[in-house]
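Written out below as structure tokens is the structure these notes cover.
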Amino acid sequence: MSKLVLVDGHSILNRAFYGVPLFTNSEGLHTNAVFGFLNILFKLIDDEKPDYLAIAFDVHQPTFRHEMFKDYKGTRKPMLPELREQVPVIKELLHKMNITTIELPGFEADDVIGTMSKIGEDAGMDVCVFSGDRDLLQLASDKVMICIPKTKKGQTTVEKYKTEEVKELYKVTPVEFIDVKALMGDSSDNIPGVPGIGEKGATNIIEQFGSIENAYEHAEEISNKRNKTALLEHYDMAQMSKVLATINRKSPVETKIEDCVFEDIYTADALDMIKHLEFKSMIPRFSGVTLENKYEDSFVKISQPDKAEELFNNLKSADKIGLYIYGNNDITGISICKEDDAVYFLPVFGLITKEYLIFHIRDIVNSNCIISVANIKENNDIFNKTILENDENSNLFDVEIAAYLINPLSNTYLYDDIARDYLGITLPSMEEIFPKVKKGEVSPYEIEENVINYCCYNALVNYKAYDVLKSKLIETDMWDVYSNIEIPLTYALYSMEKCGIMIKPEELKEYGNRLNGDIKILEKEIYDEAGHDFNINSPKQLGEILFGEMGLPGGKKTKTGYSTSASVLEKLEPEYPFVRKILEYRQLTKLKSTYADGLAVYIGDDSRIHGKFNQTITATGRISSTEPNLQNIPVRMALGREIRKVFVPKDDCVFLDADYSQIELRILAHMSDDENLIEAYRESKDIHAATASLVFHVPLDEVTKTQRSNAKAVNFGIVYGISSFGLSQDLSISKKEAEKYIDDYFKSYPGIKNYLDNSVKEAKEKGYSTTMFGRRRPIPELKAGNFMQRQFGERVAMNSPIQGTAADIMKIAMINVERELRKNNLKSRIVLQVHDELLVETYKDEISTVQDILVKNMEGAANLHVPLDVDVKEGNNWDEAH
């Protein structure tokens, strides 16, 4: 039997919008509702397997089917702009997926669905109506099933109702459900109902009398006096509410059932739009769909040495090429694009050896030809360039770094992302070309055509994107950031990764064993106090122990049990030693798994860890560390600090650790031009004590430890746009006290208040914030309809210029230190960068020279109104030096 599926478009889109966190594509278009809608739709299609499918939408500015609707349904709150902009997007996508959409001016989507479901039912079809609106339960019958999605425990399930299910749940038939709703009213739908009659009363009345009209005629038989009086006094309101609640099943819909036939929805046009929306997780659904692509015709494989030699000779006169190097850690082929319609792939094969290709690549690198690539750092083993050889006229151009600077909010900067965002073309992604393997995991001979296409697309995009990206960097005043900071930094980071940092495996193992012993002791103590064994790592079991069996206060029930988050347990810790042990257990197990065990995996044959340092991850410009994350080594607890002891310099070396002192506060002083803060730094005052003196109105020499500590929290909190609520939580004081601290702070430093206000104002006008060096950080949240999102955007607008400037200063310092170490032919090398800190493995006969280089270049990295202060310490391990 044929199945007709009808979807309430706005209802599902609205549900998706509020169920999926707000996000945008790289163009700034909000797409979370469209993404959620598609996920729901795909699940519906998979489950129901429709023969006919239609999606009904309300007309954006409807004319109402009844005059009274203007007064009631016409007063609904307007859509948030972030949702409204997605409505035409989903309609366009559905059109490209060959899915019928229906809109009827003067009628709501409910009426369209009501009418179409009646037509389908009369034709003997099984009808499935999908909506989050329970109004549609009135349409249920033996042939019409109403499906209502519901989220439980983070999983979306679907409640299904036919006549019997409606009667079982609501004690009335689907038709009688209209009268129940008319009596009880519905504020979300602006149906007034009868004052004084609630859901229970309405259900009892209709269960007894079957309709509002019959109940009115037999009002004396209504046992509840209040309900009887309410119905008699407001019968006209009840009748009007019934009209409002009744779906029109005879609306003039012109769409026929046969117009809704469900065909192949996975079209090339839809795939193109899915890519444009950046829904990468949905691309596998379109497997087998190929986009028309003119480029593959120009991809040429060269495996004969004479042809390769001819190509490289021709490249000597080229002004620009796009280059891509294929292979994980080991070159297995390259692709070169020297014209829009000519892309060549050269595999390592026969006489075309790895060494042959590297020789010719280096030959081109040493020419005047512009070489446009992605990720210089990852390929620098082949380019063989150092920081000394690089200047703003470098012939190597990094499209990934350029795209990152232009939009640092993107998740990835792969060739298909850049093609889509800057060239306006849609290309197959790596996942589409290699659906079952990852880059570098296969040799060019196994799936040669795929490898050729993949490599050539990369080279093509690198070639075509050069002019566009360079122009965009110049247009946005970020060419200096690109050429003077980011590109030289690639070589500094490359050098640091190649050098790596030495670690003592036996000491790391011993540290892990010690942690393991402490964990076992704690485990036993916890089990003894609980009275039995349980899984301490299970929030559900732990919650039952703490709040169920032990009856501790503050238990918050969630869908999965009691919350045992750190914020909940930390409130209990001071009074309950058992909770303190749980928190300690968590700390120890994290240290064991993340560091004692986790770091061991990354130790190379040279006893060194060669981590990755990334330039294109953070929105503010900070360098991030991965594989492993060496920037997140805990330092607040003694056992955490001990991890640093296993990081050591090689023989005949020591560590020099250079750390900026309060760099963000100093930048705040400079950017705000606040006289009091500038004076405090110029006079080398204890900045936190100076702040406490001003805020708490006490002489500097009478500031207490508590006052200084509180002032320190305010100083650093202000940089991050902290609220009075956040400060009250940090200092365990009332919100009112925190408000006074912040007010007094701004009175003490009026320039800061003015600067922060102007930062938000300017960011709202421009759509982005800027660092002292010109780096931009887009802030789309400032235009959000959601208040919390806007507040977040304001905090970002305050903080990004400061944090971004700090990141730029550290990068400049790192570049200059690396450059001077090489210029002076020193053997010492930077081995680690962590936030405001540089760690240098320093030869003992170079200690004095390196110390001078660190201080000079770090303090001279920027010219601020206040001095940059650098503290350099020496040690035989990282902990000692820090």
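None of the figures in this text is laboratory data; all of them are computed from the coordinates on show. Remember, predicted model here, so these are calculated numbers, not experimental data. All Cβ positions, glycine included, derive from the backbone under ideal geometry; neighbour counts span all protein chains shown.
What would the Debye formula give as log10 I(q)/I(0) at q = 0.08, 0.20 Å⁻¹ for the alpha-carbon point model of segment 295-476, no solvent?
For segment 295-476 at q = 0.08, 0.20 Å⁻¹, log10 I(q)/I(0) is -0.23, -1.58.
Using a simple charge model, +1 on the beta-carbon of Lys and Arg, -1 on the beta-carbon of Asp and Glu, nothing else, what dipole does segment 698-775 show about its Cα centre, in debye to the nearest 20? Working shown, then result.
On the way: 12 positive and 10 negative charges, 44 e Å.
For segment 698-775, the charge dipole is close to 200 debye.
Taking the DSSP beta bridges in segment 295-476 as the whole, what percent of them are antiparallel, to the nearest 5? Display every interim value, and only then the final one.
Numbers: 12 of 21 bridges.
Bridges in segment 295-476 are about 55 percent antiparallel.
For TYR527, TYR356, which order do you get if you count the other beta carbons within 10 Å of each Cβ and list the fewest first?
Working: TYR527 13, TYR356 16.
In increasing order of surrounding Cβ atoms, one gets TYR527, TYR356.
Would you mind computing Rg(Cα) / (2.2 N^0.38 Å) for segment 664-800, counting N as its residues? Intermediate results must be reported in sequence, preceding the final value.
Working: Rg = 15.5 Å, N = 137, 2.2 N^0.38 = 14.3 Å.
Normalised Rg, Cα atoms only: 1.09.
Among ASP606, ASP186, ASP808, ASP743, which comes first, second and so on when ranked by fewest other beta-carbon atoms within 10 Å?
Ordered from fewest to most neighbouring Cβ atoms within 10 Å, ASP606, ASP186, ASP808, ASP743 come out as ASP606, ASP743, ASP186, ASP808.
Against the longest principal axis of the chain, how steep is helix 9-19, in degrees 0 to 90 to the nearest 10, with axes from Cα atoms?
In the chain, helix 9-19 runs at an angle near 40 degrees to the longest axis.
Can you give the charge dipole size of the chain about its Cα centre, rounded to the nearest 20 debye, using +1 on the beta carbon of Lys and Arg and -1 on the beta carbon of Asp and Glu? If you can, show how the numbers build up before the last one.
On the way: 104 positive and 139 negative charges, 283 e Å.
So the dipole magnitude of the chain works out to roughly 1360 debye.
Based on other C-beta atoms within 10 Å, arrange PHE397, PHE792, PHE655 from fewest to most. Could the numbers behind the result be given before it?
Working: PHE397 23, PHE792 16, PHE655 26.
By the 10 Å Cβ count, ascending, the order reads PHE792, PHE397, PHE655.
When Lys and Arg each count +1 and Asp and Glu each count -1, what net charge do the other residues less than 15 Å away from PRO305, Cβ to Cβ, add up to?
Numbers: positive: LYS301, LYS307, LYS354; negative: ASP306, GLU309, GLU310, GLU355.
So the surrounding residues net to -1.
Whole number please: convex hull volume per residue, Cα atoms of segment 174-268, in Å³.
Working: hull volume 14.2 nm³, N = 95.
So the per-residue hull volume is 149 Å³.
May I ask for the angle, rounded to the nearest 10°, between helix 109-122 and the longest principal axis of the chain, with both axes built from Cα atoms and the value confined to 0 to 90°?
So the helix axis and the longest Cα principal axis differ by about 60 degrees.
Which lysines, if any, have their Cα less than 16 Å from the Cα of LYS685, not counting same-chain residues under 8 positions apart?
Within the straight-line cut-off, LYS685 pairs with LYS705, LYS712.
Just need the relative contact order of the chain here, percent rounded to a whole number, with Cα pairs under 8 Å and 6+ apart. Don't skip to the end; give the middle numbers.
Working: 1402 pairs, mean separation 83.0, N = 882.
Computed over the chain, the figure is 9 percent.
Taking the chain as the reference, fit the longest principal axis to its C-alpha atoms, fit the long axis of helix 847-859 to the helix C-alpha atoms, and give the angle between the two in degrees, 0 to 90, nearest 10.
Approximately 40 degrees, to the nearest ten.
Would you mind computing, in nm to one decimal, how far apart the modelled labels at ASP652 and ASP341 are, each placed 7 Å from Cα along Cα→Cβ?
The answer from the label model is 6.1 nm.
From the residues PRO305, LEU727, ILE501, which one has its Cα farthest along the dipole of the chain in the positive direction, the dipole being from +1 and -1 charges on Cβ of Lys/Arg and Asp/Glu about the Cα centre?
Farthest towards the positive end: LEU727.
Could you size up the charge dipole of segment 505-602 around its Cα centre, putting +1 on the beta carbon of Lys and Arg and -1 on that of Asp and Glu, and report it in debye to the nearest 20?
On the way: 14 positive and 16 negative charges, 96 e Å.
Here segment 505-602 has a charge dipole of around 460 debye.
Given the options HIS882, SER429, VAL127, identify the residue whose Cα lies farthest towards the positive end of the charge dipole of the chain (+1 on Cβ of Lys, Arg; -1 on Cβ of Asp, Glu).
Looking along the dipole axis, the top candidate is HIS882.
What percent of all Cα-Cα pairs in segment 573-712 falls in each 10 Å bin, counting up from 0?
9, 23, 25, 27, 15, 1
Which listed residue (TYR755, SER693, GLN707) has the Cα farthest towards the positive end of the charge dipole for segment 664-800, taking +1 on Lys and Arg C-beta and -1 on Asp and Glu C-beta about the Cα centre?
The residue sitting farthest along the positive end of the dipole is TYR755.
Counting only Cα atoms, I'd like the Rg/Rh figure for the chain, Kirkwood definition for Rh. Numbers along the way, then the final one.
Numbers: Rg = 33.5 Å, Rh = 32.6 Å.
Reported Rg/Rh (Cα atoms, Kirkwood Rh): 1.03.
According to a simple spin-label model (label point 7 Å from Cα along Cα-to-Cβ), what is the distance in nm between SER732 and LEU169?
Using points 7 Å along Cα→Cβ, the separation is 4.8 nm.
State, in angstrom, two size descriptors of segment 505-602 derived from its alpha carbons: Rg to one decimal place and Dmax to the nearest whole number.
Every Cα atom of segment 505-602 included, Rg and Dmax give 14.9, 45 Å.
Only helical DSSP H runs with n ≥ 4 go in: add -39500 (n - 2.57) per run for the chain, normalise by residue count and round the 222 nm mean residue ellipticity to 500 deg cm²/dmol.
Working: 36 runs with 401 residues, N = 882.
Roughly -14000 deg cm²/dmol at 222 nm, from the helical runs in the chain.
Students often get this wrong, so check it: of LYS200/LYS228; LYS160/LYS540; LYS171/LYS200; LYS385/LYS844; LYS171/LYS242, which have C-alpha atoms separated by over 21 Å?
Working: LYS200/LYS228 14 Å; LYS160/LYS540 30 Å; LYS171/LYS200 11 Å; LYS385/LYS844 28 Å; LYS171/LYS242 18 Å.
The answer is LYS160/LYS540; LYS385/LYS844.
Would you report the distance distribution of C-alpha pairs in segment 615-672 as whole percents per 10 angstrom bin, up to the bin with the largest distance?
Computed distribution, short to long bins: 16, 32, 38, 13, 1.
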